[in-house]
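Since the structure comes first, as structure tokens, the remarks are kept for the end.
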């Protein structure tokens with residue numbers, strides 16, 4: 001379709017945040033599993049090195065996220081945050097399993113964003129406690145490692161669902177284009193995100 | 001911008017805050033929830049093949065090492081040295097260990113970081129039977145365990161090592177100890193946290209006083225009684 005029209009769904013800043021988070025998550029997951037699963041621990045070994053990689057990637061992840069938030073397009077981030085926060089009647093219809101018309105994000109994507117952000121904060125919190133706890137008994141709590149491990153399990157479930165919808169599911173995988181180059185097909189957007197204000201503005205403008 | 005929808009609710013931030021609050025408070029209740037999950041997932045774990053089983057939290061083991069490489073066991077070269085304050089220094093081969101009186105027990109393994117593994121079946125030698133071979137002198141008051149994983153060491157008072165449920169294990173759950181569990185021999189003292197359960201033991205030195213081991217030098221308690229130590 002040579003004349004297919006596209007609309008911008010994600011700004012550079014939003015995409016940078018997403019891919020920094022995704023890359024860090026995979027590196028942290030790989031190094032975390034090599035520290036956690038007995039079979040992998042025996043095969044990979046070098047626990048001090050793997051642990052150093054895990055900690056260094058975590059520090060780089062937090063630093064990169066903060067840098068993007070400080071120096072990126074904060075206006076687009078604030079707007080996106082507001083959109084993700086608010087659930088209107090159409091979102092509630094989706095959660096009740098009824099027919100709905102989504103705006104830029106549907107209710108599932110909003111919940112995914114809230115959970116991902118909460119898990120990220122809890123990962124950073126529990127990881128910091130584990131690191132500090134080895135150096136100072138005041139930061140040592142019996143269940144810190146269980147929180148960190150539990151988050152890994154929940155995050156994996158979330159990730160599998162996210163990857164399925166973004167890469168495999170025919171109706172939604174076009175959205176991956178939005179997160180890679182920023183734009184999505186207008187026809188796709190009208191079908192899946194018909195209440196997205198960008199589309200309404202576009203419709204109002206003379207062609 | 002379209003006018004704000006008066007029916008819209010801030011469920012996004014509420015979800016975020018609820019999950020953060022639940023996660024942070026799990027530092028208090030997480031242990032009980034984890035054990036309940038372990039119990040519920042146990043049948044699933046048993047149905048999985050061996051290598052996949054470790055993915056399910058019901059198996060519960062985490063493997064902590066301090067050196068770059070994990071010691072590997074060579075039956076032809078391995079010996080267990082018992083020396084220090086003893087009348088007869090010993091150098092036992094693996095086959096020698098297997099000829100000593102064997103003891104079995106099923107006990108729970110507790111890690112100081114919060115995880116536990118229940119119903120672990122151990123087979124090994126009670127320390128009183130092991131020490132009977134070497135005959136500690138009257139000055140001996142503690143056992144210093146030296147691991148093949150350098151620089152890991154730890155010690156137990158003699159009376160702690162002689163507890164009814166402490167042993168030097170060479171089998172776990174009906175099989176020779178796996179490499180990651182400390183093959184061929186490790187300390188098992190269920191009433192103390194895992195860092196006292198030294199893996200890959202290759203030397204036991206009888207000494208007059210216990211000394212700080214690897215983790216104790218980093219602030220952990222020397223007497224690591226489960227539920228009564230390392231409380232910050």
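Data overview
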| read-out | value |
| --- | --- |
| Stretchable slack from residue B:69 to residue B:98, in nm (0.36 nm times residue separation minus alpha-carbon distance) | 7.8 nm |
| Helix A:12-36 vs. chain A, principal-axis angle (Cα, 0 to 90°, nearest 10) | 30 degrees |
| Spacing of the two label points (7 Å from each Cα toward its C-beta) at residue A:181 and residue A:71, in nm | 2.7 nm |
| Of every Cα-Cα pair in the range B:103-195, the percent that sits beyond 21 Å | 31 percent |
| Fluctuation leader among B:14, B:203, B:35 - chain B, Gaussian network, Cα springs under 10 angstrom | B:14 |
| Helix B:11-47 axis, angle to chain B major axis (alpha carbon atoms, nearest 10°) | 40 degrees |
| Antiparallel content of DSSP bridges confined to the protein assembly as shown, in %, to 5 | 90 percent |
| Volume per residue of the C-alpha convex hull in chain A, rounded to whole Å³ | 168 Å³ |
| Centre separation in Å (Cα based) which lies between the range B:90-151 and the range A:19-33 | 39 Å |
| At R0 = 35 Å, FRET efficiency that the Cβ-Cβ distance of residue A:194 and residue B:17 yields, to 0.05 | 0.70 |
| Cα extents of the protein assembly as shown along the three principal axes, largest first (Å) | 101, 40, 36 |
| R0 of 51 Å, Cβ-Cβ distance residue B:135-residue A:134: FRET efficiency to nearest 0.05 | 0.85 |
| Theoretical FRET efficiency, 1/(1+(r/R0)^6), r = Cβ-Cβ of residue B:46 and residue A:43, R0 30 Å, to 0.05 | 0.80 |
| Per-selection metrics, chain B (Cα): Rg and Dmax in Å | 22.3, 90 |
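Only the coordinates and a few stated rules stand behind these numbers; no lab work does. The model shown is predicted, which means the values in this text are computed figures rather than measured ones. Because the Cβ atoms are built from the backbone with ideal geometry, glycine has one as well, and the counts that use them run over all protein chains shown.
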